[in-house]
Amino acid sequence: MDALMAVIDQIQADRITFAASGNVSVRDPQHPDRFWITPSGVAWPHITHDDLVVLSVETGTVLDGRLRPSTEWRFHRTLYARHDWIGGVVHLHSRYATIFSTLGEPIRPVHYQMARVAYEVPVVPYETYGTSALAEAVGTVIDKDCQAALLANHGLVAVGDTVAKAYQYAQEIEWMADIYYHARLLGTPRILTVEEIEKVRAQFAQYGQTP
């Protein structure tokens with residue numbers, strides 16, 4: 001999957017996570033009942049196309065691949081099964097998002113960029129990684145109005161209609177966490193209201209180049 005490999009390469013180039021931490025998946029556009037995911041325990045610089053694993057959205061059964069899938073395949077599968085609009089899932093142990101996950105604090109909207117993803121990024125209660133309990137917890141939080149969440153004492157998960165969009169959202173949340181963290185060192189940052197974020201969402205509909 002070229003789109004998935006492109007995001008893997010970008011994660012490596014950005015150094016937004018480390019070693020083999022985190023995982024990424026993409027729904028197969030030709031077979032929406034399947035998804036491709038990164039392998040378990042393989043460091044980002046060493047992942048090749050042949051290392052990717054194909055799983056069933058319905059059952060989580062491995063359909064193709066020579067390696068074991070990421071240990072977090074369960075919450076990827078849950079998100080694809082519950083939301084047919086999700087085309088990609090990105091999970092990172094990025095520095096500042098992970099800091100807030102250890103505090104059990106949501107990332108608040110201190111900048112309007114948050115409007116692309118959610119009003120604020122909530123914290124999913126702690127569950128052991130790779131478990132069905134974690135998959136269920138993640139599945140109850142993510143929807144179209146909240147396309148990212150912190151996993152308590154763990155990291156960040158973001159989704160999008162494409163895997164590229166999911167990674168864009170993960171980057172934006174990590175940037176927001178960085179800004180929020182440093183603003184709190186200097187004082188008490190102003191939090192944007194729901195109404196202010198909604199106005200930005202309306203503005204974003206006209207943002208960029210249109211046909």
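The values are calculated or read from the model by the stated rules, or taken from the named source; none is laboratory data. Everything numeric in this text was worked out from a predicted model, so none of it was measured. Using ideal geometry, Cβ is built from the backbone for each residue, glycine included, and neighbour counts are taken over all protein chains shown. Surface accessibility is based on the protein's heavy atoms, side chains included, excluding ligands, DNA and RNA. Shrake-Rupley method; radii C 1.70, N 1.55, O 1.52, S 1.80 Å.
Which ones in the stretch 28-48 are assigned to a strand (DSSP E or B) and either touching a His at 6+ places or on another chain (Cβ under 7 Å) or farther than 21 Å from A170 by Cα (or both)?
R34, F35, I37
Matching residues to (1) surrounded by 13 or more Cβ atoms within 10 Å (Cβ to Cβ); (2) in contact with a Gly (Cβ under 9 Å, 6 or more places away or on another chain); (3) closer than 19 Å to L156 by Cβ:
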{"site": "D9", "(1), (2), (3)": "yes, no, no"}
{"site": "A13", "(1), (2), (3)": "no, no, yes"}
{"site": "S21", "(1), (2), (3)": "yes, yes, yes"}
{"site": "V24", "(1), (2), (3)": "yes, yes, yes"}
{"site": "R27", "(1), (2), (3)": "yes, yes, no"}
{"site": "W36", "(1), (2), (3)": "yes, yes, no"}
{"site": "P45", "(1), (2), (3)": "no, no, no"}
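Looking at V200, V159, V141 in this structure, which one is at negative phi, of a type in the set (A, V, I, L, M, F, W, C) and in a loop (DSSP other than H, G, I, E, B)?
On inspection, the qualifying residue turns out to be V141.
Just one of the numbered conditions (1) of a type outside the set (V, I, T); (2) over 23 Å from the mean Cα position of the chain (by Cα); (3) under 11 Å from I107 (Cβ atoms) is not true of Q206; which one?
That leaves (3) as the condition not met.
Does S25 satisfy the condition of being at pLDDT 95 or above, outside any helix (DSSP H, G or I), closer than 23 Å to E136 by Cβ and of a type in the set (S, T, N, Q)?
Yes: the conditions hold for S25.
For (1) without any contact (Cβ under 8 Å) to a residue 12 or more places away in the chain; (2) open to solvent by 30 Å² or more (accessible area, probe 1.4 Å), each residue gets a yes or a no:
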{"residue": "E172", "(1), (2)": "no, no"}
{"residue": "W175", "(1), (2)": "no, yes"}
{"residue": "Y180", "(1), (2)": "no, no"}
{"residue": "R184", "(1), (2)": "yes, yes"}
{"residue": "T188", "(1), (2)": "yes, yes"}
{"residue": "T193", "(1), (2)": "yes, yes"}
{"residue": "E196", "(1), (2)": "no, yes"}
{"residue": "R201", "(1), (2)": "no, yes"}
{"residue": "Y207", "(1), (2)": "yes, yes"}
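Could you give me the residue pairs with C-beta distances under 6 Å whose first residue belongs to the stretch 67-88 and is closer than 18 Å to Y129 by Cβ, whose second residue is among the hydroxyl-bearing types (S, T, Y) and open to solvent by less than 10 Å² (accessible area, probe 1.4 Å) wherever it lies, and which are 6+ apart or on separate chains?
Within 6 Å, the pairs are S70/T38; H76/S25.
Residue by residue through the stretch 89-104, note down the ones that are in contact (Cβ under 8 Å) with a residue 60 or more places away in the chain and either part of a helix (DSSP H, G or I) or under 13 Å from Q171 (Cβ atoms) (or both).
If the condition is that a residue be in contact (Cβ under 8 Å) with a residue 60 or more places away in the chain and either part of a helix (DSSP H, G or I) or under 13 Å from Q171 (Cβ atoms) (or both), then V90, L92, S94, R95, Y96, A97, I99, F100 are the ones that fit.
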